[in-house]
Amino acid sequence: MAPGGQFLREIHVRIRLTWCTLAFGGLLVLSGIRGSGIGIGATPSGAVPQTLRMAAQSHHLLMGTAADAGPLSDKLYASTLQTEYSVLEPETEMKFGLIHPEQTRYDFADADKLVNFALANGMKVRGHNLLWYNQLPDWIVSPAQPWTPAALNKVLADHIATVVGRYKGRVYAWDVVNEPFNDDGSLRNYVWFDKPGIGFAGKGTRTIEQALMWTHAADPSAKLFVNEYGAETMNSKSNAVYAMAKDFVRRGVPLSGIGLQLHVTPRFDQDGSLNDLSKNLRRLAALGLEVQFTEVDVRERDGSGFSQAEQANTYKDLLDACLRQPACTLFQTWGFTDKYSWIPESNPGFGWALPLDKNYRKKRAYFAMLAKLNSRGNDGPRPSRSR
Ligand code: XIL
């Protein structure tokens with residue numbers, strides 16, 4: 001061997017090591033910035049992630065929850081929220097009736113608390129919602145004088161400009177329109193649509209289109225969603241959502257994706273529903289849209305061994321359906337502790353719907369999701385679905 005060969009080899013090795021260090025460092029930086037991972041199921045230090053938030057990062061998946069401003073003062077509530085979740089969605093605080101209680105008065109205090117909390121903890125905020133038939137203030141529902149479409153049009157335009165404008169750059173995505181369809185796929189009849197509506201009564205999805213355009217004008221970088229319940233599987237409602245989405249994409253209406261609420265019972269956890277859900281995700285993804293699971297809860301009456309087991313399986317299988325579809329960018333539950341859940345009020349007798357119990361103890365459902373996130377092979381990068 002020529003003198004200096006060893007030296008040259010060492011240089012070579014050193015260069016290769018340096019290259020590896022740089023590449024590895026680059027990946028670390030990338031994983032920090034984009035939430036990308038260098039290996040599924042392991043952090044850069046090699047440890048298995050112990051939180052949903054961390055474990056989901058390696059899949060480029062956002063882990064979200066609805067949250068309320070009141071319980072933020074509850075230490076366990078706040079610490080769980082910031083540790084386990086990368087997205088926070090105000091559960092009620094941005095709804096029309098709460099944020100705009102009187103015609104000339106907005107009340108941003110509670111929404112601000114949640115937005116500030118989220119941003120201080122490196123979380124994204126999902127705004128919910130701008131146009132809905134429910135939780136409207138009296139001044140909209142029972143006006144002194146009946147509304148004209150022109151007057152109502154101005155009210156909604158101003159509302160969207162004001163609320164979206166206030167949170168511009170801070171709310172990353174909006175449920176612009178919530179629950180616009182009936183189960184048979186027809187459009188719901190209510191004040192914003194046709195009673196009297198904002199001027200597009202009888203014109204199909206024009207009201208939704210207008211709301212998307214106003215929102216886009218107020219914050220061009222926000223992702224915009226139409227959010228529905230009962231449109232998860234293949235049925236009349238999901239067909240109507242799909243037809244609307246396809247039409248909007250074709251005509252360049254600013255729609256980024258569809259939110260699927262997924263308030264379900266463990267009965268959802270069957271091959272038929274899960275296959276249908278995946279099929280529905282596929283057709284929406286094929287339009288180039290994102291799909292987000294926005295309000296997942298799996299209601300049970302109690303925490304018996306049987307309930308815990310079937311609930312854990314349902315959460316795991318829903319998460320799996322999302323993980324298998326790169327266009328599914330968010331898995332979000334409607335709250336995280338049974339201490340604060342809308343389920344007992346909407347479904348009396350079912351007090352056991354979320355991944356943590358009333359005392360913040362992690363249920364099997366929590367561990368099943370964590371294990372699912374930590375067990376998969378390399379998914380490869382999930383492409384950005386921004387439109
Ligand atoms: C619910 C909240 O969780 C409750 O606290 C409130 O009293 C009523 O609204 N679909 C939605 C959510 O889009 O806004 C609803 O939230 C649950 C159903």
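The values are calculated or read from the model by the stated rules, or taken from the named source; none is laboratory data. Note that the structure is a prediction, hence the values are computed from the model and not measured. Using ideal geometry, Cβ is built from the backbone for each residue, glycine included, and neighbour counts are taken over all protein chains shown.
When Gly122, Gly127 are screened for being surrounded by fewer than 14 Cβ atoms within 10 Å (Cβ to Cβ), at pLDDT 95 or above and not hydrophobic (A, V, I, L, M, F, W, C), only Gly122 passes. Considering region 291-319, the residues that are among the acidic types (Asp, Glu) and under 21 Å from the mean Cα position of the chain (by Cα) include one that is surrounded by the most Cβ atoms within 10 Å (Cβ to Cβ), namely Asp297. Restricting attention to region 87-100, the residues that are within 15 Å of the ligand (Cβ to nearest atom) and closer than 22 Å to Ala157 by Cα add up to 9. For first residues located in region 315-332 and at negative phi, partners that are in a loop (DSSP other than H, G, I, E, B) and of a type in the set (A, V, I, L, M, F, W, C) and lie 6+ apart or on another chain with Cβ distances below 8 Å form the pairs Leu318/Leu262; Cys322/Leu61; Leu323/Leu61; Ala327/Leu289; Cys328/Leu61; Thr329/Leu61; Leu330/Leu61; Phe331/Leu61.
Remark: Asn153 falls outside the filter, which requires a residue to be over 17 Å from Ser256 (Cα atoms) and either hydroxyl-bearing (Ser, Thr, Tyr) or in a loop (DSSP other than H, G, I, E, B) (or both).
Among the residues here, Gln103 does not qualify as at positive phi and surrounded by fewer than 18 Cβ atoms within 10 Å (Cβ to Cβ).
Consider region 61-82 and keep the residues that are part of a helix (DSSP H, G or I) and either in contact with a helix residue (DSSP H, G or I) (Cβ under 7 Å, 6 or more places away or on another chain) or of a type in the set (Asp, Glu) (or both). The one that is surrounded by the most Cβ atoms within 10 Å (Cβ to Cβ) is Tyr77. Every listed requirement among (1) out of contact with any helix residue (DSSP H, G or I) (no Cβ under 8 Å at 6 or more places or on another chain); (2) more than 16 Å from the ligand (Cβ to nearest atom); (3) of a type in the set (S, T, N, Q) is met by Gln261 save one, (2). Test each condition in (1) farther than 18 Å from Thr314 by Cα; (2) touching a strand residue (DSSP E or B) at 6+ places or on another chain (Cβ under 7 Å); (3) more than 16 Å from the ligand (Cβ to nearest atom) for Lys237 and report the one that comes out false. With respect to (1) farther than 18 Å from Thr314 by Cα; (2) touching a strand residue (DSSP E or B) at 6+ places or on another chain (Cβ under 7 Å); (3) more than 16 Å from the ligand (Cβ to nearest atom), Lys237 is out only on (3).
Look at Pro149 and say whether it is at pLDDT 95 or above, touching a Gly at 6+ places or on another chain (Cβ under 6 Å) and more than 16 Å from the ligand (Cβ to nearest atom). Spelling it out, Pro149 is indeed at pLDDT 95 or above, touching a Gly at 6+ places or on another chain (Cβ under 6 Å) and more than 16 Å from the ligand (Cβ to nearest atom).
Scan region 88-114 for residues that are among the β-branched types (Val, Ile, Thr) and under 22 Å from Gly169 (Cβ atoms) and the total you get is 1.
Within region 278-291, is even one residue touching a His at 6+ places or on another chain (Cβ under 8 Å) and either closer than 17 Å to Ser341 by Cα or aliphatic (A, V, I, L, M) (or both)? The answer is no; no qualifying residue exists. Going through region 323-359 one residue at a time, which ones are assigned to a helix (DSSP H, G or I), within 15 Å of the ligand (Cβ to nearest atom) and surrounded by 17 or more Cβ atoms within 10 Å (Cβ to Cβ)? If the condition is that a residue be assigned to a helix (DSSP H, G or I), within 15 Å of the ligand (Cβ to nearest atom) and surrounded by 17 or more Cβ atoms within 10 Å (Cβ to Cβ), then Ile343 is the only one that fits.
Within region 174-212, being within 15 Å of Tyr133 (Cα to Cα), free of Cβ contacts under 8 Å to residues at least 24 places away in the same chain and of a type in the set (Lys, Arg) holds for one residue alone: Lys195.
Considering Leu136, Leu114, the condition of being within 16 Å of the ligand (Cβ to nearest atom), assigned to a helix (DSSP H, G or I) and under 23 Å from the mean Cα position of the chain (by Cα) is satisfied by Leu114 alone.
In region 83-96, how many residues are among the β-branched types (Val, Ile, Thr) and either modelled with pLDDT under 95 or in a helix (DSSP H, G or I) (or both)? Number of matching residues: 1. Is it the case that some residue within region 273-290 is buried (at least 17 other Cβ atoms within 10 Å of the Cβ) and within 22 Å of Tyr77 (Cα to Cα)? No: region 273-290 contains no residue that is buried (at least 17 other Cβ atoms within 10 Å of the Cβ) and within 22 Å of Tyr77 (Cα to Cα).
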